[in-house]
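Shown next, in structure tokens, is the structure this report addresses.
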Amino acid sequence: MVGVIALFFVLAAVFVVLGCVDQRRLYWRLSAWRYRDPAANEPSDAANRVGRFAALLLAGVWVFAGCRAMDFADGDSWTRQEMRTVVVAAAETIEADAHPSGATDSMLTEALRDASEGEGPYYRLDVKTADAREGEGDRFQVSTTEGEFPFCVAFTKKESGGFAVPGADGSTTVVPEYDLTSSVDEGTC
């Protein structure tokens with residue numbers, strides 16, 4: 001992609017040069033050889049102005065194309081700071097509510113999808129369950145699909161009550177709810 005972007009800006013520079021040089025001299029260097037009587041076929045001053053305008057307009061088009069290609073390339077990749085922002089936001093979103101179980105990879109995946117809007121391509125994130133350490137709850141490793149910018153997200157859970165679920169036989173079952181606390185560390189789990 002870098003080569004395409006560079007090509008766009010090189011073409012823009014070429015057209016700026018073509019627009020800035022003397023159009024009459026450009027005719028004599030590049031086009032006059034095609035005619036039996038080049039002086040009779042020399043473009044008018046108006047045609048030279050149109051040629052200059054067209055060259056500068058094409059330079060602008062190539063600059064615009066290069067800028068759009070840069071935006072596209074940026075939107076299709078992650079930076080370390082973007083990853084940090086998204087992972088921390090996702091962890092904070094999960095912390096905000098009580099959950100009937102511990103953290104799950106699908107819960108983290110959904111929070112990452114919501115947090116990644118406007119930051120980077122969600123489809124290039126990879127969430128893997130990591131082994132839990134002693135005294136810690138659920139742990140996940142979040143990185144790009146290429147394995148770049150890994151972050152370890154650990155959740156510890158603390159029971160915070162629950163809710164009653166009525167049974168078909170008239171009994172009720174209490175489903176515990178947990179408050180989750182997260183920690184986000186840069187690097188692999």
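Carbon and sulfur: what percent of the chain's accessible surface (1.4 Å probe)?
Working: 6670 of 11850 Å².
Looking at the chain in its full context, I get 56 percent from C and S.
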Average silhouette area of segment 37-79, convex hull of alpha-carbon atoms, in square nanometres = 4.2 nm²
note = Expected field for SER101, accessible surface area in Å² at 1.4 Å probe radius, rounded to 10, holds 50 Å²
request  = At 0.36 nm per residue, minus the direct Cα-Cα distance, what do SER101 and SER31 gain on full extension? Give it in nm, one decimal, please.
outcome  = 17.5 nm
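According to the square roots a ≥ b ≥ c of the eigenvalues of the Cα gyration tensor, what is the shape class of segment 35-134, taking rounded for a/c under 1.5, prolate for a/b larger than b/c otherwise, and oblate for the remainder?
Because a/c hits 1.5 or more and a/b exceeds b/c, segment 35-134 counts as prolate.
Evaluate E = 1/(1 + (r/R0)^6) for GLN81 and GLU159, where r is the Cβ-Cβ distance and R0 equals 35 Å; express this FRET efficiency to the nearest 0.05. Please report the intermediate quantities before stating the final value.
Values: r = 36 Å, r/R0 = 1.02.
For GLN81 and GLU159, the calculated efficiency is 0.45.
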ask   = Averaged over all directions, how much area does the convex hull of the C-alpha atoms of the chain cover when projected, in nm²?
value = 18.5 nm²
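How big is the Cα convex hull of segment 106-189 in projection, averaged over all directions, in nm²?
Values: hull surface 30.6 nm².
Its average projected convex-hull area is 7.6 nm².
Any idea of the accessible area per residue across the chain, 1.4 Å probe, to the nearest Å²?
For the chain, the solvent-accessible area averages 63 Å² per residue.
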remark   = In whole percent, the Cα-Cα distances of segment 1-41 spread across 5 Å bins from 0 upward as 5, 21, 18, 14, 14, 11, 9, 5, 2, 1
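For the chain, which longest stretch is free of loop sites, where a loop site is one of the trypsin sites (Lys or Arg not before Pro) that DSSP puts outside H, G, I, E and B and that has at most 10 other Cβ atoms within 10 Å?
On the way: sites that count: ARG36, ARG133.
It works out to 37-132.
Pick out the long, greasy-scoring helices in the chain: whole DSSP H runs spanning 18 Å or more along their own axis by Cα, mean Kyte-Doolittle at least -1.0. Could you put the intermediate results ahead of the total?
Working: long enough: 2-20 (27 Å, 2.98); 45-75 (45 Å, 0.68); 80-95 (22 Å, 0.00).
Passing helices, by number: 2-20, 45-75, 80-95.
The values are calculated or read from the model by the stated rules, or taken from the named source; none is laboratory data. No experiment lies behind these values; they were computed from the predicted model shown. A quick note on method: Cβ atoms are made from the backbone with ideal geometry, for glycine too, and the neighbour counts reach across all protein chains shown. Calculation scope for accessible area: heavy atoms of the full protein, side chains included, ligands and nucleic acids excluded. Shrake-Rupley method; radii C 1.70, N 1.55, O 1.52, S 1.80 Å.
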